[in-house]
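So the structure is just underneath, and the comments pick up after that.
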Amino acid sequence: MALGDAQGGTQYAMGEKFAELIHEKTDGQVTVDMFPNGQLGSEQDTVSSASMGLLDLSVLAINNITPFSPTVGVLTLPYVITSPEDAKTLTQGEIGQQLAENTIRDAGVRVLSWAYSGCRVLSNSSKPVATPDDLKGLTIRVPRNEIMIASYQEWGVNPLPMAWSETFTALQQGVVDGQDNPYITINAMKFYEVQDYITDICYVFSLEPLIMSESKFQSLSPDMQEIVLEAGREATTHSYDYLLESEESIKQALVEEHGMQIIEPANGESEWIERASSIWPRFYDSIGGEERLAEALQALGRDLN
Ligand code: MLT
C-alpha cells in the first residue's frame, strides 16, 4: 500500500485500520505492507502504477485522481463540500457509488474506502492572509489539478502546480511560500517547521480514498473480494470518527506547541467563496454536466442557483 502522506495523519490511520482488518478477517494469512511518505512515487504516479497492476493499493488525495477520472472533480469544486457531514453524504451516497464506478472505467482503480481529512486550509511562511488580495506576491503550491489552479487564479495569483512528494522541500527551500492542506495533514507532514501562518478557509474538503488496482481485485476469489470490500467499508467508518476525534486537538497543537498563527478569513470568507465558486461553470463538461453538480448540491440540501 502506497501512501502519499507521512505516518500520523488520516491517510495512515485509515490505511492501518484496513490492513488490521484484512489481517484479522483472513486469520493472518494476508498481510498489507504500508509505504508512507511517497516512497512508492508521487500520488499521481501511484494511480498509473495501480492501473497497470504494478501496485495493489494506494491512499491518496482525491484531487490527485481527478486528472485520471475527471467526473470525480465534482468533489473538489470549491465550496461544494464544506463539512465532514457533507463529505459523508456525498461519498457514502449514490454520488460516491457512481464516481467509484467511473474510476474503475476511466482509471482501472477501485475505491475501497474513504479517509476524511478535513477542510484544506491555506498555510504560508510570509504574512497573515485574510483576503484573496493578501495573496499578492506569494508563490503558492497547488496539486496538478485544473480546478484548484483555476480557484487560485480567481483569487488573483498564478499558483505553482507541483507533486505532493516535492512540496515539503519546496517550502523549506523557499521555492514556494505556501500551500493548502487540512490541519491534520499539515501536522503529519511537519509543515509547521517551514510555515508560520494558516488562513482558516474551507475551499475544498480533503477526501483521501484508498484505491485498489482493478486487475488485482478481479484476480481475487469471490470470498477474498468480499473481505476486501467489507474491510474498506469498516475503515471508512473508522476514518470519519478519527477526524471528528482528532482535528480540534491537532489544530490546537499547531498553535500552542508549534507556534503557528491562525488567521480568520475576512468578512466570513465571502470574497474567497464568491470568487472561487465563479469557476464552477467552466468545469461542467469535465464533471459530466451541470446536472451532476446540481445533484450533489441537492443531496446536501442546497440549490445550484
Ligand atoms: C496534495 O496536496 O497533493 C494532497 O492533498 C496531499 C495529500 O495527499 O495529503
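The values are calculated or read from the model by the stated rules, or taken from the named source; none is laboratory data. All values reported here derive from a predicted model rather than from experimental measurement. As a convention, Cβ positions derive from the backbone with ideal geometry for all residues, glycine included, and neighbour counts pool all protein chains shown. Accessible surface areas use protein heavy atoms only, side chains included; no ligands, DNA or RNA. Shrake-Rupley method; radii C 1.70, N 1.55, O 1.52, S 1.80 Å.
Here are a few things to note about the model shown:
- From the options SER42, SER51, residue that is among the small types (Gly, Ala, Ser) and either open to solvent by 40 Å² or more (accessible area, probe 1.4 Å) or over 16 Å from the mean Cα position of the chain (by Cα) (or both): SER51
- Answer residue from the range 94-141, given it is under 15 Å from the mean Cα position of the chain (by Cα) and among the β-branched types (Val, Ile, Thr) and is most open to solvent (accessible area, probe 1.4 Å) among those: VAL111
- Residue match in the range 239-250 (condition: at pLDDT 95 or above, more than 25 Å from ALA2 (Cβ to Cβ), within 16 Å of the ligand (Cβ to nearest atom) and within 16 Å of the chain's Cα centre (by Cα)): no
- The single condition from (1) of a type in the set (D, E, K, R); (2) in contact (Cβ under 8 Å) with a residue 24 or more places away in the chain; (3) within 22 Å of GLU20 (Cβ to Cβ) that ASP241 fails is (2).
- With respect to (1) part of a loop (DSSP other than H, G, I, E, B); (2) more than 17 Å from the chain's Cα centre (by Cα); (3) in contact (Cβ under 8 Å) with a residue 60 or more places away in the chain; (4) within 16 Å of the ligand (Cβ to nearest atom), the lone exception for ARG144 is condition (2).
- Cβ pairs under 7 Å, 6+ apart, first in the range 182-208 and over 16 Å from ILE81 (Cβ atoms), second among the aromatic types (Phe, Trp, Tyr) and more than 15 Å from the ligand (Cβ to nearest atom): ILE186/TYR192
- For GLU85: the one exception among (1) surrounded by fewer than 17 Cβ atoms within 10 Å (Cβ to Cβ); (2) within 13 Å of the chain's Cα centre (by Cα): (2)
- The selection criterion, being open to solvent by less than 50 Å² (accessible area, probe 1.4 Å), touching a residue at least 60 places away in the same chain (Cβ under 8 Å), of a type in the set (A, V, I, L, M, F, W, C) and within 16 Å of the ligand (Cβ to nearest atom), does not hold for VAL176.
- If you go through the range 55-76 and pick out every residue that is surrounded by 20 or more Cβ atoms within 10 Å (Cβ to Cβ), within 15 Å of the ligand (Cβ to nearest atom) and in a loop (DSSP other than H, G, I, E, B), you end up with 5.
- Number of residues in the range 247-294 that are charged (D, E, K, R) and open to solvent by less than 80 Å² (accessible area, probe 1.4 Å) equals 5.
- Among the residues of this structure, ILE198 counts as one that is crowded, with 23+ Cβ neighbours inside 10 Å, of a type in the set (A, V, I, L, M, F, W, C), more than 17 Å from the chain's Cα centre (by Cα) and over 21 Å from SER42 (Cα atoms).
- Meets criteria (under 23 Å from THR76 (Cα atoms) and free of Cβ contacts under 8 Å to residues at least 12 places away in the same chain) for SER270: yes
- Conditions (1) out of contact with any helix residue (DSSP H, G or I) (no Cβ under 8 Å at 6 or more places or on another chain); (2) hydroxyl-bearing (Ser, Thr, Tyr); (3) within 12 Å of the ligand (Cβ to nearest atom); number of the one not met by THR185: (1)
- Looking only at the range 26-39, and only at residues there that are open to solvent by less than 60 Å² (accessible area, probe 1.4 Å) and of a type outside the set (S, T, N, Q), the one that is nearest to the ligand (Cβ to nearest atom): GLY38
- Test result for LEU243, within 30 Å of GLN153 (Cβ to Cβ) and buried (at least 19 other Cβ atoms within 10 Å of the Cβ): yes
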